[in-house]
Amino acid sequence: MYTPASFREDDSATLQALIRAYPLGTLVTHGDGGLQASPLPFLLEAHTLRAHMARANPHWKTLAAHMECLVIFPGPDAYVTPDWYPSKAETHKVVPTWNYAAVHVRGTVRVMDDPDWLARQIADL
């Protein structure tokens with residue numbers, strides 16, 4: 001994700017707060033079948049993301065042990081009209097933009113097939 005330096009956030013607590021406030025992330029993986037993406041509700045526990053994927057979702061069948069993944073958490077977003085910039089009246093230059101907050105988390109996937117883990121995950125969700 002391109003992030004200009006003036007908008008970059010590196011504070012772990014701030015990034016974790018966005019994940020907790022907007023827990024629906026998109027799990028993205030790349031395997032033999034190409035790219036796959038699944039929106040899933042995530043729980044953040046310490047430095048681990050936990051999610052549950054239905055067995056009906058074919059994505060889980062392609063997840064290999066320690067497969068590299070990306071999880072994208074989109075936060076709030078809004079269009080910013082160029083009318084808000086005082087310079088527009090002076091220069092008549094129009095530069096609309098879109099403000100947004102997002103967290104990209106990279107890591108590895110671990111598939112859990114333990115009934116106790118699953119029961120806890122479902123209860124926590």
Mind checking whether some residue in the range 99-113 is at negative phi and at pLDDT below 85? no
Answer yes if at least one residue in the range 28-44 is in contact with a Phe, Trp or Tyr (Cβ under 7 Å, 6 or more places away or on another chain), in contact (Cβ under 8 Å) with a residue 24 or more places away in the chain and part of a loop (DSSP other than H, G, I, E, B), and no otherwise. no
Would you mention how many residues in the range 73-123 are part of a helix (DSSP H, G or I), surrounded by 11 or more Cβ atoms within 10 Å (Cβ to Cβ) and not aliphatic (A, V, I, L, M)? 5
Could you list all residues from the range 4-27 that are loosely packed, with under 11 Cβ neighbours inside 10 Å and assigned to a loop (DSSP other than H, G, I, E, B)? PRO4, ARG8, ASP10, ASP11
Residue by residue through the range 45-65, note down the ones that are modelled with pLDDT of 90 or more, open to solvent by less than 60 Å² (accessible area, probe 1.4 Å) and assigned to a loop (DSSP other than H, G, I, E, B). MET53, ALA54, ASN57
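The values are calculated or read from the model by the stated rules, or taken from the named source; none is laboratory data. This structure is a prediction, so every number in the text was calculated from the model and none was measured. Every residue, glycine as well, gets a Cβ built from its backbone with ideal geometry; the counts of neighbours run over all protein chains shown. These area figures cover heavy atoms from the full protein model, side chains too; ligands, DNA and RNA do not enter into them. Shrake-Rupley method; radii C 1.70, N 1.55, O 1.52, S 1.80 Å.
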